[in-house]
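Below is one structure, written out as structure tokens, with a few remarks after it.
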Amino acid sequence: MAEGLLNALYRNKYEAFSAGTKPSTVNPYAINAMAEIGIDISKNRSKGVDEFQGITFDYVVTVCDNAKATCPFFPGAEEYLHKSFDDPSDFNGTEDEKLICFRRVRDEIKDWLIITFGKKDE
């Protein structure tokens, strides 16, 4: 969700790439929660951090404590940013409760990105 949000909010300034420490499929609840705010991540794919070794980034951003602890060092990264969010895929509940959890985390990530990276692109 963070990749989709950053690319939507700041498409004129940044290009975000997302990778996980345990890549899997893109969660359908994440796809639905993002679609509700007009961002299509249905064609995104889960990637492992190894796919990005050797690439230089301006920022390396981690959004959960596990990723921060296990994320490899990316030589040449200008800045490392970390903010821990709940992993909504770990939430157990009804279908509606799961979607509510994804919405909450989506909105928290969006708010943090705006605070961290400044005014949204117009």
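Computed quantities for the displayed model
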| item | result |
| --- | --- |
| Among the residues listed as THR21, THR62, the single one being under 11 Å from the mean Cα position of the chain (by Cα), modelled with pLDDT under 85 and among the hydroxyl-bearing types (Ser, Thr, Tyr) | THR62 |
| Residues within region 22-31 that are under 19 Å from LYS110 (Cα atoms) and either surrounded by 15 or more Cβ atoms within 10 Å (Cβ to Cβ) or among the hydroxyl-bearing types (Ser, Thr, Tyr) (or both), tallied | 5 |
| Residues located in region 19-34, provided they are part of a helix (DSSP H, G or I) and among the aliphatic types (A, V, I, L, M) | ALA30, ILE31, ALA33, MET34 |
| Qualifying positions in region 1-18 - assigned to a loop (DSSP other than H, G, I, E, B) and either of a type outside the set (D, E, K, R) or modelled with pLDDT of 95 or more (or both) | MET1, TYR10, ASN12, TYR14, ALA16, PHE17, SER18 |
| Whichever residue in region 35-51 is of a type outside the set (D, E, K, R) and assigned to a helix (DSSP H, G or I) and, among such residues, is modelled with the lowest pLDDT | VAL49 |
| Test: residue in region 76-91 that is of a type outside the set (Lys, Arg), part of a loop (DSSP other than H, G, I, E, B), on the phi > 0 side of the Ramachandran plot and at pLDDT below 85 | yes |
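The values are calculated or read from the model by the stated rules, or taken from the named source; none is laboratory data. All values reported here derive from a predicted model rather than from experimental measurement. Virtual Cβ from ideal backbone geometry, glycine too; neighbours counted across all protein chains shown.
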